[in-house]
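Working notes, structure below.
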Amino acid sequence: MTGFGRAEGSRGAVQIEISVSSVNNKRGLDLIFGLSRDLQNCEERARELLQAEVTRGRLNIQASFQTSRQGSAGLLEPDPGAIRHYRKHFSMLRQQGLLNGNIADEFLLKLPGALKDPDQQQRDHSVLFTRVLKQALKRYQATRKREGQVLRQDLESRLALISTKLKIVRQRRPKVVREYRVKLMQRLGKSGFPDLVEDDRILKEVALFADRSDVSEEVTRLQAHLQEVRRLSSLKQPVGRNLDFLVQEIGREINTIGSKSNDLEISRAVLEMKAELEKIREQVQNIE
């Protein structure tokens, strides 16, 4: 489903702005991040929040970072604790005869942790980032909810149209067999075989036609599928994949009814049901 949400927040001299937008993606959830350099370490947390809230769609998450603080411009400083740690262990190695000579200061400063970023702790903006992302996600979900209400209304109206056409099929079904028998008798009479009207072979032919054109099972299953679609559309949880499956099953039943029908009115009803189902199929792709 499509949606958009934006939020911003500040903490001290830091200000973060986040936008969440999405387009349809029937395959599943696809997350695309555009985070500024200072917020790169927040991506994993963002994934956790988004995957807990959204299951379908192509989401684009953009986050900008601004600060009015004048720091050390990324300059590093020696870490006294780390240097003392290295000197202590080098001294132990010399006492054990495992190391000879002194360690140059330049070598010490190249060891991991000997130099530190004085602003590293201040640059952890995950708390502010999480708070702003939750606000943006809440607004994003609100827009999707409004869209979902519109989609549900559209879905219900199209289901009602299919139900109306299905009613025509149900009403026409017994008449088709009677009309076939009448037409068959008329053709026999015009062909000069009036004595065959009550022949067992003719009655058998009518029975075979009735069996071949019987769509009572398909009509029953189609009604059940339509009811299930209505039930799913009223739930407050992701149902897009279930609706995908039901649309396929509905299409299968409609096609079977069309292949069995030997009646112009039923064929017209089938074509109209197919047209509405195709529109439903397109809309279902927008439903999570």
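The values are calculated or read from the model by the stated rules, or taken from the named source; none is laboratory data. Just so you know, these numbers come straight off a predicted model, no measurement behind them. Ideal geometry is used to build each Cβ from the backbone, glycine not excepted, and the neighbour counts take in all protein chains shown. Remember, those area values only see protein heavy atoms, side chains included, never the ligands or the DNA or RNA. Shrake-Rupley method; radii C 1.70, N 1.55, O 1.52, S 1.80 Å.
The residue list Gln40, Gln95, Gln62, Gln66 contains one member that is open to solvent by 40 Å² or more (accessible area, probe 1.4 Å), within 42 Å of the chain's Cα centre (by Cα) and free of Cβ contacts under 8 Å to residues at least 12 places away in the same chain, which is Gln40.
Residues that are of a type in the set (Phe, Trp, Tyr) and surrounded by fewer than 16 Cβ atoms within 10 Å (Cβ to Cβ): does the range 209-232 have at least one?
Step one: filter the range 209-232 for residues of a type in the set (Phe, Trp, Tyr), giving 209.
Now narrow it down to the ones that are surrounded by fewer than 16 Cβ atoms within 10 Å (Cβ to Cβ): none.
Taking every residue of the range 209-232 in turn, none turns out to be of a type in the set (Phe, Trp, Tyr) and surrounded by fewer than 16 Cβ atoms within 10 Å (Cβ to Cβ).
The residue of the range 1-37 that is most open to solvent (accessible area, probe 1.4 Å), among those that are assigned to a strand (DSSP E or B) and of a type in the set (Lys, Arg), is Arg11. When both residues are 6+ apart or on different chains and their Cβ atoms are under 7 Å apart, which pairs have a first residue that lies in the range 220-239 and is closer than 21 Å to Gln149 by Cα, and a second that is of a type outside the set (Asp, Glu) and open to solvent by 60 Å² or more (accessible area, probe 1.4 Å)? Pairs that qualify, where the first residue is closer than 21 Å to Gln149 by Cα and the partner is of a type outside the set (Asp, Glu) and open to solvent by 60 Å² or more (accessible area, probe 1.4 Å), are Leu232/Asn242; Ser233/Arg152; Pro238/Thr55.
The residues of the range 43-59 that are of a type in the set (Asp, Glu) and open to solvent by 80 Å² or more (accessible area, probe 1.4 Å), listed by number, are Glu44, Glu48, Glu53.
The one condition from (1) among the basic types (Lys, Arg); (2) at pLDDT below 85; (3) exposed (fewer than 11 other Cβ atoms within 10 Å of the Cβ) that Lys88 does not meet is (2).
For the range 119-140, how many residues meet the condition of being at pLDDT below 90 and assigned to a helix (DSSP H, G or I)? Going through the range 119-140 one residue at a time, the tally reaches 2. For the range 243-265, the set of residues classified as at pLDDT below 85 and either small (Gly, Ala, Ser) or open to solvent by less than 90 Å² (accessible area, probe 1.4 Å) (or both) consists of Ser259, Lys260, Ser261, Asp263, listed by residue number. Looking at Asn102, is it modelled with pLDDT under 90, under 25 Å from Gln149 (Cβ atoms), open to solvent by 40 Å² or more (accessible area, probe 1.4 Å) and of a type in the set (S, T, N, Q)? Taking the combined requirement at face value, the residue does not satisfy it. Only a single item in (1) out of contact with any Asp or Glu (no Cβ under 7 Å at 6 or more places or on another chain); (2) more than 28 Å from Phe245 (Cβ to Cβ); (3) of a type in the set (S, T, N, Q) is not met by Ser64, and it is number (1). For the range 123-151, the candidate set comprises residues that are basic (Lys, Arg) and open to solvent by 20 Å² or more (accessible area, probe 1.4 Å); within that set, the residue that is nearest to the chain's Cα centre (by Cα) is Lys145.
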